[in-house]
1. From VAL176, VAL181, grab the single residue that is crowded, with 16+ Cβ neighbours inside 10 Å and either in contact with a strand residue (DSSP E or B) (Cβ under 8 Å, 6 or more places away or on another chain) or part of a helix (DSSP H, G or I) (or both).
2. Looking at region 26-59, which of its residues are at pLDDT below 90 and under 22 Å from ALA221 (Cβ atoms)?
3. Considering every residue within region 194-211, establish whether at least one is assigned to a helix (DSSP H, G or I) and touching a strand residue (DSSP E or B) at 6+ places or on another chain (Cβ under 7 Å).
4. Give me the helices (runs of 4 or more DSSP H) completely within region 67-171, filtered to those with at least 3 residues that are open to solvent by 30 Å² or more (accessible area, probe 1.4 Å) and farther than 30 Å from ARG252 by Cβ, ordered by residue number.
5. Picking from LEU270, LEU225, which residue would you name as being within 20 Å of the chain's Cα centre (by Cα), open to solvent by less than 10 Å² (accessible area, probe 1.4 Å) and under 25 Å from THR433 (Cβ atoms)?
6. Give me the residue from region 199-219 that is β-branched (Val, Ile, Thr) and open to solvent by 20 Å² or more (accessible area, probe 1.4 Å) and, out of that set, modelled with the highest pLDDT.
7. Can you pull out every residue in region 65-111 that is in contact (Cβ under 8 Å) with a residue 12 or more places away in the chain, within 20 Å of the chain's Cα centre (by Cα) and more than 21 Å from ALA411 (Cβ to Cβ)?
Amino acid sequence: MTPPPTIDATSDGAFGKSLSESHASVSVPRRGFWRRLIAFIGPGYLVAVGYMDPGNWATDLAGGSAFGYTLLAVVLLSSLMAILLQTLSARLGVAAGLDLAQACRRRYSRPVTFLLWLLCEFAIIACDLAEVLGTAIALKLLFGLPLLAGVLITAFDVMLLLALQRFGFRKLEAFVATLLVVIAGCFAYELWLARPDWSAVAGGFVPRAEIVANPAMLYIAIGILGATVMPHNLYLHSSVVQTRAFEQDDKRSAIRFATIDTVIALGFALLINAAILILAAATFHVAGRTDVADIEDAHRLLSPMLGAGAASVVFALALLASGQNSTITGTLAGQIVMEGFLDIRLPVWLRRIVTRAIAIVPAALVIAFAGEGATTNLLVLSQVILSLQLPFAVIPLVAFTGDRRLMGDFASSLALRLAAWVVAAVIVGLNVTLLVGLALG
């Protein structure tokens, strides 16, 4: 991965604009702090969607039911890592005018770029598999549809995304934000019914050595990490932040507002992630049901255990909103990765269909051949796969944002670079630990 001797950070050269149909489509006022902040609010919420997708549900339910509140520390640590990495991703998009995939193609040789693209596509397939399965499970729980039919219905997400973008990128962001509010409201209701022990919840945010020492706990912990720090979100954020039409001489201010947007949105995602785990711990773990890792089992048990008939319906509604949101942003990320790494320019509708098919086909095959009972294990496994792919997105991101040749005066400070490299080292270390553990059985 030897870089060329020089990098022109200001010239696009052969690089087209990332998400060209929406690039610089959202105007930003020149004056007024609040008006400018409101203009920048949005990309962070598109990214936050990936941090509360159905894959999170499987890992958080498994962690909460099996180990109570203990893994809340992992949720918190993962969220802090995510905030740091996503702010770097936004910084790259604003300062260099490149998304992460484009930066990789500019910096690395063609074979290395192609390898990174393959790894990223593999991660997107794993992520989309979780999102499509989550939506299909929600449709089954709400309407009794077979999983295979639910998976095929998700193909219409492509049409929804196309329709929303025709009305402007802000309308797409507003739709996503509305569904996030629905998810938050659903879990607020569930927690009100569950009445968790809040002192125990607070204690769960304190890290414990047993998380690493216990192989079963470590497996779920790395699954939570993979579900929280999403590799495709690093590519997505560096692109969607460029939908803002800020002045090129005002990049410092743009980075500041994009950072505020990121911190608020991912703080919101942290609350929802924690709520899923707390719900599982307060409802299942305290009752001795430490084996509830299946979304359908959780749906079936919530109403009788919480004593409210609406509990299961609200749970399924939140899952449907989560799956719908995640499939939209996952499709966007697929387009960004394909264009950025390979410079493949296809009509918008065709790009959407290709990226959606990449998710639907594996999900349909899994259900057809493995049966509906395999979905939960696949959801958890998909998050572990995402975690294993993370270093191949995180390391280039940290390296690029610390490079003055690419970032100019907006390169990361020494303290920020050190913190980012520590995060990268933790991620790599956890992945190595997981691989050794799996190899030793």
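1. Among VAL176, VAL181, only VAL176 is crowded, with 16+ Cβ neighbours inside 10 Å and either in contact with a strand residue (DSSP E or B) (Cβ under 8 Å, 6 or more places away or on another chain) or part of a helix (DSSP H, G or I) (or both).
2. GLY50, TYR51, MET52, ASP53, PRO54, GLY55, ASN56, TRP57, ALA58, THR59
3. No; the residues of region 194-211 include none that is assigned to a helix (DSSP H, G or I) and touching a strand residue (DSSP E or B) at 6+ places or on another chain (Cβ under 7 Å).
4. Answer list for region 67-171: 110-143, 147-153, 157-166.
5. LEU225
6. Looking at the filtered set, the residue picked out is VAL206.
7. If the condition is that a residue be in contact (Cβ under 8 Å) with a residue 12 or more places away in the chain, within 20 Å of the chain's Cα centre (by Cα) and more than 21 Å from ALA411 (Cβ to Cβ), then LEU71, LEU72, ALA73, VAL74, VAL75, LEU76, LEU77, SER78, SER79, ALA82 are the ones that fit.
Residues checked against (1) open to solvent by less than 10 Å² (accessible area, probe 1.4 Å); (2) at pLDDT 90 or above; (3) out of contact with any Asp or Glu (no Cβ under 7 Å at 6 or more places or on another chain):
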position	(1), (2), (3)
THR262	yes, yes, yes
LEU277	yes, yes, no
ARG289	no, no, yes
GLU296	no, no, yes
GLY307	no, no, yes
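The values are calculated or read from the model by the stated rules, or taken from the named source; none is laboratory data. On a predicted model such as this, the values are computed, not experimentally measured, just so you know. Because the Cβ atoms are built from the backbone with ideal geometry, glycine has one as well, and the counts that use them run over all protein chains shown. Heavy atoms of the whole protein, side chains included, go into the accessibility calculation; ligands, DNA and RNA do not. Shrake-Rupley method; radii C 1.70, N 1.55, O 1.52, S 1.80 Å.
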